[in-house]
C-alpha cells in the first residue's frame with residue numbers, strides 16, 4: 001500500500017527552494033528535541049507542555065500529533081506532496097530515507113527531516129477536482145491524503161492503485177484546524193478567479209472596512225497606483241496609502257516595487273498586493289523602503305477578519321457564509 005503525505009513547506013512556504021536543493025522535507029518544533037528519544041506520544045506531549053507554555057493545550061496536542069506522525073509513520077517509499085503558493089501548484093516526491101533529527105542540516109528552525117526525491121513535474125492546483133482541492137487545503141503541517149494518490153499520479157502521467165488506509169482517525173482539535181485551513185484555501189481559490197479590476201475593487205473594499213476613504217483608479221494606465229486610501233474625506237490628512245494591486249500567477253518584481261515608490265504622492269505610505277507573491281529581490285527592496293507586501297494568503301486572512309465591515313459591493317464580489325466550530 002502506498003501512503004501519501006501532505007507536508008507544508010514552512011509557515012510562509014519559504015522552505016521549498018531549500019527542500020528542492022537538499023532533497024528533503026522538514027518540519028519544526030525543534031524545542032521538543034529529537035522526537036525519537038520519546039517512547040510514547042504521551043511523553044512527547046509532556047515535553048510540549050513544558051516548552052510551549054504560551055500555547056493553548058489543543059495547539060500543543062495538535063503539534064505533538066504532527067511531529068509524532070512525521071517522525072514515526074512516514075516510511076521509505078511513501079509519496080509526499082507539498083504546495084507552492086507562488087505558482088499555485090503542487091510538487092510531488094518519494095521518501096528515500098526516514099526521519100532524522102539534525103538542526104545543522106537545512107534550516108535549523110526545521111530540524112526534523114526526511115529525505116525526498118522530488119520530481120520536476122508540477123501539478124497546477126486548478127487542474128484538480130474541487131474535492132481534491134478541499135482535502136489538500138488543510139493548513140496542518142503533516143497529514144495523510146491517500147484518497148487522492150491515484151488522482152495525483154494520473155496528473156503526473158502515471159497510474160497506481162492506492163489502497164486507502166482508514167485506520168488513522170484525526171483528533172477533534174486537528175479536525176477544527178483542518179476545517180479552518182480548508183475554508184481559507186477555498187476562499188483563496190475564489191479570490192484567484194476574480195479579474196484584475198474586481199481584485200482592485202476588493203482591495204479597496206477591504207481598506208474601507210479598515211476605516212479608510214478610497215479612490216480607485218479607472219481602467220487604463222494608473223501610473224503605478226491602483227488605489228489611494230486616506231482617513232479624511234478630502235485626502236488631506238496623513239497617513240495616505242498608495243496601493244498597487246497585481247493579480248496574476250507570476251511574482252511581483254523589484255522594479256514594480258520601485259515604480260510604486262516613485263509614483264505620486266511621493267510621501268505616501270506604500271502597500272503592494274500581489275496574488276502571485278514576490279521575488280526575493282522585491283522583498284529586499286520593500287523591506288529597505290518600508291513597503292508593506294501582501295500576498296494572496298495574507299489578503300484572504302485580512303478579508304476574513306474584516307469581512308463584516310466591508311461594503312456590500314465588495315462583499316458581492318466574494319460572497320462568504322459564517323460558520324461556527326468548537327473553540
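Conditions tested, residue by residue: (1) within 19 Å of the chain's Cα centre (by Cα); (2) without any contact (Cβ under 8 Å) to a residue 40 or more places away in the chain; (3) surrounded by 15 or more Cβ atoms within 10 Å (Cβ to Cβ); (4) part of a strand (DSSP E or B).
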{"position": "256", "(1), (2), (3), (4)": "no, yes, yes, no"}
{"position": "267", "(1), (2), (3), (4)": "no, yes, no, no"}
{"position": "281", "(1), (2), (3), (4)": "no, yes, no, no"}
{"position": "285", "(1), (2), (3), (4)": "no, yes, yes, no"}
{"position": "297", "(1), (2), (3), (4)": "yes, no, yes, no"}
{"position": "300", "(1), (2), (3), (4)": "yes, no, yes, no"}
{"position": "303", "(1), (2), (3), (4)": "yes, no, yes, no"}
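Working only within the range 92-107, note down all residues that are under 16 Å from residue 21 (Cβ atoms), in contact (Cβ under 8 Å) with a residue 24 or more places away in the chain and either surrounded by fewer than 18 Cβ atoms within 10 Å (Cβ to Cβ) or within 20 Å of the chain's Cα centre (by Cα) (or both).
Answer for the range 92-107, where residues must be under 16 Å from residue 21 (Cβ atoms), in contact (Cβ under 8 Å) with a residue 24 or more places away in the chain and either surrounded by fewer than 18 Cβ atoms within 10 Å (Cβ to Cβ) or within 20 Å of the chain's Cα centre (by Cα) (or both): 93, 96, 105, 107.
When you check residue 8 against the structure, is it under 23 Å from residue 106 (Cβ atoms) and surrounded by fewer than 16 Cβ atoms within 10 Å (Cβ to Cβ), yes or no?
When the stated conditions are applied, residue 8 does not pass them.
When the residues of the range 269-279 are narrowed to those that are assigned to a loop (DSSP other than H, G, I, E, B) and out of contact with any helix residue (DSSP H, G or I) (no Cβ under 7 Å at 6 or more places or on another chain), which ends up surrounded by the most Cβ atoms within 10 Å (Cβ to Cβ)?
Per the stated criteria, the residue is 277.
Filter the range 17-40 for residues that are free of Cβ contacts under 8 Å to residues at least 60 places away in the same chain and not in a loop (DSSP other than H, G, I, E, B) and give the result.
Correct list: 17, 21, 31, 32, 37.
Residue check, residue 6 against (1) farther than 23 Å from residue 249 by Cα; (2) touching a helix residue (DSSP H, G or I) at 6+ places or on another chain (Cβ under 9 Å), all met but one. Which one?
The failed condition is (1).
A quick yes/no check of all residues on (1) touching a residue at least 12 places away in the same chain (Cβ under 8 Å); (2) within 27 Å of residue 298 (Cβ to Cβ); (3) surrounded by 19 or more Cβ atoms within 10 Å (Cβ to Cβ):
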site: 67; (1), (2), (3): yes, yes, yes
site: 71; (1), (2), (3): yes, no, yes
site: 79; (1), (2), (3): yes, no, yes
site: 117; (1), (2), (3): yes, no, no
site: 128; (1), (2), (3): yes, yes, no
site: 137; (1), (2), (3): yes, yes, yes
site: 141; (1), (2), (3): yes, yes, yes
site: 155; (1), (2), (3): yes, no, no
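In this structure, is residue 62 farther than 30 Å from residue 120 by Cβ and exposed (fewer than 15 other Cβ atoms within 10 Å of the Cβ)?
So residue 62 fails the test.
Of these, 14, 54, which one is farther than 26 Å from residue 90 by Cβ, part of a loop (DSSP other than H, G, I, E, B) and within 26 Å of the chain's Cα centre (by Cα)?
Residue meeting the stated conditions: 54.
Out of the range 11-32, which residues are under 21 Å from residue 55 (Cβ atoms) and surrounded by fewer than 15 Cβ atoms within 10 Å (Cβ to Cβ)?
11, 12, 31
May I ask you to say which residue of 123, 152 is part of a strand (DSSP E or B), more than 21 Å from residue 29 (Cα to Cα) and at pLDDT below 95?
None of the other options fit; the residue is 123.
Evaluate the range 41-48: report whether one residue or more is in contact with a strand residue (DSSP E or B) (Cβ under 6 Å, 6 or more places away or on another chain) and either in a loop (DSSP other than H, G, I, E, B) or modelled with pLDDT under 95 (or both).
no
Going through the range 198-210 one residue at a time, which ones are in a helix (DSSP H, G or I) and closer than 28 Å to residue 238 by Cβ?
Those that are in a helix (DSSP H, G or I) and closer than 28 Å to residue 238 by Cβ: 199, 200, 201, 202, 203, 204, 205, 206, 207, 208, 209.
Can you pull out every residue in the range 211-252 that is in contact with a helix residue (DSSP H, G or I) (Cβ under 6 Å, 6 or more places away or on another chain) and either within 24 Å of residue 308 (Cβ to Cβ) or assigned to a loop (DSSP other than H, G, I, E, B) (or both)?
214, 216, 224, 226, 227, 229, 245, 247
The values are calculated or read from the model by the stated rules, or taken from the named source; none is laboratory data. Predicted model only: the values in this text are computed from it and were never measured. All Cβ positions, glycine included, derive from the backbone under ideal geometry; neighbour counts span all protein chains shown.
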